[in-house]
Amino acid sequence: MADRKQNEIRQLGLFAGCRPDDVRWIAGVADAVDVPAGQTIVRQGQRVREFVVLMRGVASASNGAAAVVLSPGSYIGERGLNEDGLHDRTIETSSPVRLLVFSPGAYRGMLQRIPAVGRTLLAGKVSELRTAHQDSRSLRAVS
């Protein structure tokens, strides 16, 4: 069972730079949770209580206006844990999913122990900000 969990972790881009002992550590501190299709994982406006990585399956993230498909490797909660914030989208499973769930302490420990994961998360946020900036510039050009 532990080997299966470690193999699933190794397949995720977020953990691509992890050494084998880091993967074992992650497998030990994070819970693998299976969720059936059609379930709500988090609700928009709910306090962020954990960091979650989608290991298998597909989910949908919606803020009431637009929906985004989440696939394996997508993650939830990093911004809220860093800011003690709220989820900005509701996330529902579109298929059965397997999640890797970190408590706030395990999430912070991971960032300290494995700086490469923090750099990957930061790069993802920079990319999101760049996209949002380009989208807002496009909207201003149209108006």
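FYI, it's all coordinate maths here, none of it is from the lab. Remember, it's a predicted structure, so these values are computed and weren't measured experimentally. Every residue, glycine as well, gets a Cβ built from its backbone with ideal geometry; the counts of neighbours run over all protein chains shown.
What value, in deg cm²/dmol to 500, does the helix sum -39500 (n - 2.57) over DSSP H runs of n ≥ 4 give at 222 nm once divided by the residues of the chain? Walk me through the numbers on the way to the answer.
Numbers: 5 runs with 63 residues, N = 143.
Rounded to the nearest 500, it is -14000 deg cm²/dmol.
Given charges of +1 on the Cβ of Lys and Arg and -1 on the Cβ of Asp and Glu, with all other atoms neutral, how large is the dipole of the stretch 2-142 about its Cα centre, in debye to the nearest 20?
240
With N set to the number of residues, divide the alpha-carbon radius of gyration of the chain by 2.2 N^0.38 Å and report two decimals. All intermediate terms of the calculation are to be shown ahead of the outcome.
Details: Rg = 15.8 Å, N = 143, 2.2 N^0.38 = 14.5 Å.
The chain yields a ratio of 1.09.
If you take the beta carbon distance between Ala65 and Val33 as r and set R0 to 35 Å, what does 1/(1 + (r/R0)^6) give as a FRET efficiency, to the nearest 0.05?
Numbers: r = 28 Å, r/R0 = 0.81.
For R0 = 35 Å, the calculated efficiency reads 0.80.
Of Val68, Ile26, Gly13, which is farthest along the charge dipole of the chain in the positive direction, counting Lys and Arg as +1 and Asp and Glu as -1 at C-beta?
Gly13
Can you give the relative contact order of the chain as a percent, counting alpha carbon pairs under 8 Å and 6+ residues apart?
Averaging sequence separation for qualifying contacts and normalising by length gives 29 percent for the chain.
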